[in-house]
Every structure is written in C-alpha cells, then in structure tokens.
Amino acid sequence: MGRLAEWLDRQEFRLGIPTNVAFALRQCLEEAVVNLIDYTPVTEGEDIAVELGWQGDLLVATVEDPGPPFDLLSAPVPIPAISLELAVPGGWGIHLIRCFADQIGYETAGGRNRLTLGFSRFKAAAEDFP
Amino acid sequence: MNAFTGIQLVGFGPFLEDAITMDMQIIAISQDTVKVALTGRLDVEGSGIIDLPFNTVVGSNRNILVDLSAVTFVASIAIRTLVLGAKTLERRGKKLLLLNPQPKVEYVLKMIGVTDLLPIVRDENEAVAVFSS
C-alpha cells in the first residue's frame with residue numbers, strides 16, 4: 001500500500017490533478033485496494049492493477065482484480081451507530097468510495113473484476129467539499 | 001493511461017523524497033489525560049505505524065486527546081482504530097476526543113458519521129472541560 005501511495009503522489013504531479021480531485025481519488029483508491037487485499041484471495045502470479053488518466057475533464061481510475069465477482073454498488077450503506085457501545089466499525093471504505101467518486105462503474109470480463117471510478121475536474125465547485 | 005500493478009510490483013522508481021510518513025507524539029496533559037499528536041497521512045501505511053503504540057496508550061487507561069491538526073488524510077482503517085480505542089476507553093469511564101482535524105479530514109469523519117462517537121474539540125481548554133464533564 002505504501003507503493004500505491006507513492007505512485008499516486010507521482011501521478012498527481014504528472015497528470016496535474018487538482019487538490020480536491022487528488023484527495024477524492026486517494027480516498028477511493030486506498031479504500032478500494034485495501035478492500036481487495038482484505039477480502040480477495042489473490043494468489044501468486046495474479047495481481048491487482050490500477051490505471052489512471054484523464055478523459056476530457058474526467059479523471060478515470062480503473063481497478064482490476066482476479067477475485068470473485070463483487071459489485072460494491074450492491075453493498076449496503078452502513079448505518080451510523082448511535083453510541084460507542086453499539087458501534088461496529090465496518091463498511092466505511094465502500095461508503096467513502098460512493099461519497100467521493102462522481103461516477104462508479106463495474107463489470108467482469110475474462111475472469112477479472114473491473115471497477116471504474118470517475119472524478120470531475122470541477123469537483124471543488126460542484127460539491128460542498130472543503 | 002498510467003498504470004499501477006499491485007501485489008507483484010516491478011519497475012518502480014525511487015521513493016519520493018518528500019513522501020510523508022506518519023509520526024506520533026505522546027504528550028501528558030495531566031495525570032489523567034494524554035495528547036496523541038499525529039503528523040502525516042493516516043492512510044493504510046500510517047495506520048499500521050500508529051496501531052500498536054496507539055493501542056498501548058489506550059491501554060494506559062487515560063483520557064486521550066488525538067491531535068489531528070497535522071493529519072492530511074484519513075482512511076477508514078484509521079477511523080476504525082480510533083473508534084475501537086474510544087469504545088475501550090468508554091468501558092473504563094474515559095473519553096477520546098479529536099482536536100482540530102483539517103477540513104478535508106473532518107469531512108471524511110462526517111461522511112462516515114462518527115463525529116458523535118469521536119467528538120471534535122477546537123482547543124485543549126475545551127478538551128479539558130469535556131473530559132471533566
């Protein structure tokens with residue numbers, strides 16, 4: 001994960017990603033890849049691949065993995081706990097992806113899951129995002 | 001498209017010289033209260049760095065003020081660590097508060113809906129008042 005963070009540092013510079021878009025992108029990719037590492041039985045010789053690039057004013061990130069099919073859009077929205085006693089941490093990563101990505105797509109092809117996340121260049125102006 | 005391939009990574013360049021690492025300082029405020037000042041990114045890597053020392057502080061059975069003013073990013077795994085710490089402290093009659101998170105970090109906390117579980121204070125005086133209440 002440390003190398004993903006460093007790769008993102010370099011891409012932010014190379015692709016000229018605006019600050020708020022970079023924050024949203026990092027939030028989503030951290031959560032997506034951690035989720036895969038935690039729940040996907042990746043074996044030797046298989047990998048998780050991330051691609052990133054602009055398509056017009058949309059920054060598009062794709063995450064491919066060889067695990068069992070899983071569409072995060074189908075995951076339930078976590079219910080905020082009303083007290084610490086009742087709080088059961090979990091499901092927050094997927095929730096954050098849904099909050100921060102402007103577009104989310106999912107497909108399976110060739111035995112691989114493909115998650116596509118889109119981030120508008122104008123994210124800062126479009127949302128109540130500090 | 002620029003590609004990143006995980007798990008089996010090859011061909012990566014040198015680490016960025018300005019890559020931010022996570023730093024954790026523990027400062028006693030009083031006999032019953034300690035401030036944990038964090039600096040850097042609380043991403044998966046940063047969370048891994050603080051997990052053990054933070055849980056050791058939780059185990060010391062004191063109120064904890066987590067200073068987030070120098071934290072630029074927070075992943076859900078780090079929020080999980082904070083919530084679990086707060087749960088442990090509450091069972092022992094103690095509290096965990098967050099001090100001055102940066103706007104984007106606070107936004108993430110609100111998106112997850114944990115600001116009632118991890119109350120935010122703006123200065124140490126306010127924290128002392130809450131700990132005393």
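Screening B:GLY48 against (1) touching a residue at least 24 places away in the same chain (Cβ under 8 Å); (2) closer than 22 Å to A:LEU25 by Cβ leaves a single unmet condition, (1).
Take A:ILE48 and tell me if it is at the interface with chain B (Cβ under 9 Å from one of its Cβ atoms) and over 17 Å from B:MET111 (Cβ atoms). Before the answer, list the steps.
Values: at the interface with chain B (Cβ under 9 Å from one of its Cβ atoms): yes; over 17 Å from B:MET111 (Cβ atoms): yes.
The answer is yes for A:ILE48.
Report yes if some residue within the stretch B:4-20 is among the polar types (S, T, N, Q), modelled with pLDDT of 95 or more and not in a loop (DSSP other than H, G, I, E, B); otherwise report no. No; the residues of the stretch B:4-20 include none that is among the polar types (S, T, N, Q), modelled with pLDDT of 95 or more and not in a loop (DSSP other than H, G, I, E, B).
Checking each residue in the stretch B:70-100 for being closer than 22 Å to A:ASP9 by Cβ and more than 9 Å from every other protein chain (Cβ to nearest Cβ) picks out B:ALA70, B:VAL71, B:ALA78. Summed over the stretch B:78-106, residues that are over 12 Å from the mean Cα position of the chain (by Cα), more than 18 Å from A:PRO89 (Cα to Cα) and crowded, with 17+ Cβ neighbours inside 10 Å total 2.
Among the residues of the stretch A:85-120, the ones that are at pLDDT 90 or above and assigned to a loop (DSSP other than H, G, I, E, B) come to 2 in all.
The values are calculated or read from the model by the stated rules, or taken from the named source; none is laboratory data. Computed from a predicted model, the values in this text were never measured in an experiment. When we count neighbours, we look across all protein chains shown, and the Cβ atoms used for this are built from the backbone with ideal geometry, even at glycine.
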